[in-house]
There are 2 protein chains.
Amino acid sequence: MRARSDVLDHAILGLLHGSPMHGYELRKQLNLVLGSFRALSYGSLYPALRQLAERGLIVGSDAVVEDRPVASKRARIVYQLTAAGKELLGEVLGSAGPSAWDDEEFDVRFAFFAQTDAETRLRILEGRRTRLTERLELVRQSFARGRERMDEYTSELQRHGLEQVEHEVAWLDRLIDTERAGRPARTPGTGSSVGTDPTAGPHRGAATAKPKKE
Amino acid sequence: MRARSDVLDHAILGLLHGSPMHGYELRKQLNLVLGSFRALSYGSLYPALRQLAERGLIVGSDAVVEDRPVASKRARIVYQLTAAGKELLGEVLGSAGPSAWDDEEFDVRFAFFAQTDAETRLRILEGRRTRLTERLELVRQSFARGRERMDEYTSELQRHGLEQVEHEVAWLDRLIDTERAGRPARTPGTGSSVGTDPTAGPHRGAATAKPKKE
DNA sequence: TGCTGATGTATCACCTCGATACATCGAGTT
DNA sequence: AACTCGATGTATCGAGGTGATACATCAGCA
């Protein structure tokens, strides 16, 4: 079961669209872009790269160092998107379905907002906001219910978690306002989307919703 | 390698000190106490319970339902702390070492602050604050370095992550002030610690520091 | 020359998760 | 009383992720 979360795939595809890269560099960029807090180990990255290559979404150059042809254990393998990879990336970036408001996936989608068209950006932000609001409501309820049974520290911890989410909602509101205002100081109309097919629509089934932490 | 994170163990021990419980109830309490956001699956819980029982830290009652002796598939197994379990819990709650400022472990330790003596509480809060401040500094640096190369959305995401951590630092500051003020409205001197041995000291080696998300 | 640390690819053991199976119980509903 | 349905309960499995580590090259530097 448990499908390999597409998050990593999408992040790799997105970065590779920027420019071809090898694993090590990819990891650095990933950790930079995806929040600076996350870890991401090679144990996930390299298998993911090989699997993406198998699926024909990316291709890796032969291992060359500069002059020496092979042999070297440190030979870099530079990956780049194939046509199929670009197409998939385009579909992903064009979609604004529920999967895009998941915690992790949202971060990735947001990181590539510059390659996403304005309408999709707005839909993702609003969807994310709704998702968080719903979660907030649930937590508030269970908090209210179990409040008496908790000591002051436990409830303080709850309260803080709530605050963190509220803080994110406020952040989203700011962004949504900015987007609605038409985003001045940027070429407004022609936000060059990446993909070939702007249709796409919400890919994949319902979101999996895996709240992890504050 | 990769030791089973003690976090879950400590949480179980702490909850069981409150009152004996069976798995299902434990999970509910755990999800309530530990942030309401986390998931915690049975796939982690039941193995952890068995392992704790093997280590002699908890004991499970024989499966009984009320009258029917066994057989029933839904027979509850109520676990409770052994003497060894109480001792370990005492050591854990008495320690304020680096492991206690890890993201997850901190939450657990905080959740059981009511059973922790005042001095240890303060040391944990301060340690956590230092930890976050250090992380903040690191992220700020890498942010400043890579700033030019990121588009506005990526840097906005970074900024937001930074804000979330700053928010937590502010929260800690509030708590530290309160603790320093001596915590009125509570029996001040005699915070009844749980363990048998108030010595304890920072157990286990250096912290593993696994920043996960905002 | 030898040391150290960053750059690189790769794998392993263990952990954790989501899903699921199976079974019982209480409370309504008809 | 028989029926359904959702909460209560214990338990396991496959798949994916993680930290650690191995191995190897390279640049700088004393």
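The values are calculated or read from the model by the stated rules, or taken from the named source; none is laboratory data. Just so we're clear, the structure is a prediction, and the values are computed from it rather than from any experiment. All Cβ positions, even for glycine, are placed from backbone atoms using ideal geometry, and neighbour counts span all protein chains on display. Accessible surface is based on the protein model in full, side chains and every heavy atom, while ligands, DNA and RNA are left aside. Shrake-Rupley method; radii C 1.70, N 1.55, O 1.52, S 1.80 Å.
Can you tell me which residue in the stretch A:110-130 is farthest from B:SER155 (Cα to Cα), limited to those that are open to solvent by less than 40 Å² (accessible area, probe 1.4 Å) and in contact (Cβ under 8 Å) with a residue 60 or more places away in the chain?
Per the criteria, the residue is A:THR116.
Can you list residue pairs whose Cβ atoms sit under 7 Å apart, with the first residue in the stretch A:1-20 being over 13 Å from A:SER99 (Cα atoms) and within 13 Å of DNA strand C (Cβ to nearest atom) and the second being in a loop (DSSP other than H, G, I, E, B) and at pLDDT below 95? Count only pairs 6 or more apart in sequence or on different chains.
Listed by first residue and then by second, the contacts come to A:PRO20/A:VAL78.
Kindly indicate whether A:ASP102 is more than 9 Å from every other protein chain (Cβ to nearest Cβ), among the acidic types (Asp, Glu) and within 26 Å of A:LEU40 (Cα to Cα).
Taking the combined requirement at face value, the residue satisfies it.
Sort out which residues of the stretch A:144-153 are facing another protein chain (nearest Cβ under 10 Å) and either assigned to a helix (DSSP H, G or I) or open to solvent by 70 Å² or more (accessible area, probe 1.4 Å) (or both), and write them in order of number.
Passing the criteria: A:ARG145, A:GLY146, A:ARG149, A:GLU152, A:TYR153.
Just checking, how many residues over the stretch B:117-143 are among the charged types (D, E, K, R), assigned to a helix (DSSP H, G or I) and more than 11 Å from every other protein chain (Cβ to nearest Cβ)?
The number of residues fulfilling the criteria is 8.
With B:GLU168, B:GLU179, B:GLU156 as the choices, which residue is within 13 Å of chain A (Cβ to nearest Cβ), out of contact with any Ser or Thr (no Cβ under 9 Å at 6 or more places or on another chain) and either more than 29 Å from A:ARG147 (Cα to Cα) or loosely packed, with under 14 Cβ neighbours inside 10 Å (or both)?
After ruling out the rest, the residue left standing is B:GLU156.
Being within 13 Å of chain B (Cβ to nearest Cβ) and among the hydrophobic types (A, V, I, L, M, F, W, C) is the filter here, so list the residues in the stretch A:3-27 that pass it.
Of everything in the stretch A:3-27, those that are within 13 Å of chain B (Cβ to nearest Cβ) and among the hydrophobic types (A, V, I, L, M, F, W, C) turn out to be A:VAL7, A:ALA11, A:LEU15.
Looking only at the stretch B:28-59, which residues are crowded, with 18+ Cβ neighbours inside 10 Å and within 14 Å of another protein chain (Cβ to nearest Cβ)?
Once the filter is applied, which keeps residues that are crowded, with 18+ Cβ neighbours inside 10 Å and within 14 Å of another protein chain (Cβ to nearest Cβ), the stretch B:28-59 yields B:GLN29, B:LEU30, B:LEU32, B:VAL33, B:LEU34, B:GLY35, B:SER36, B:PHE37.
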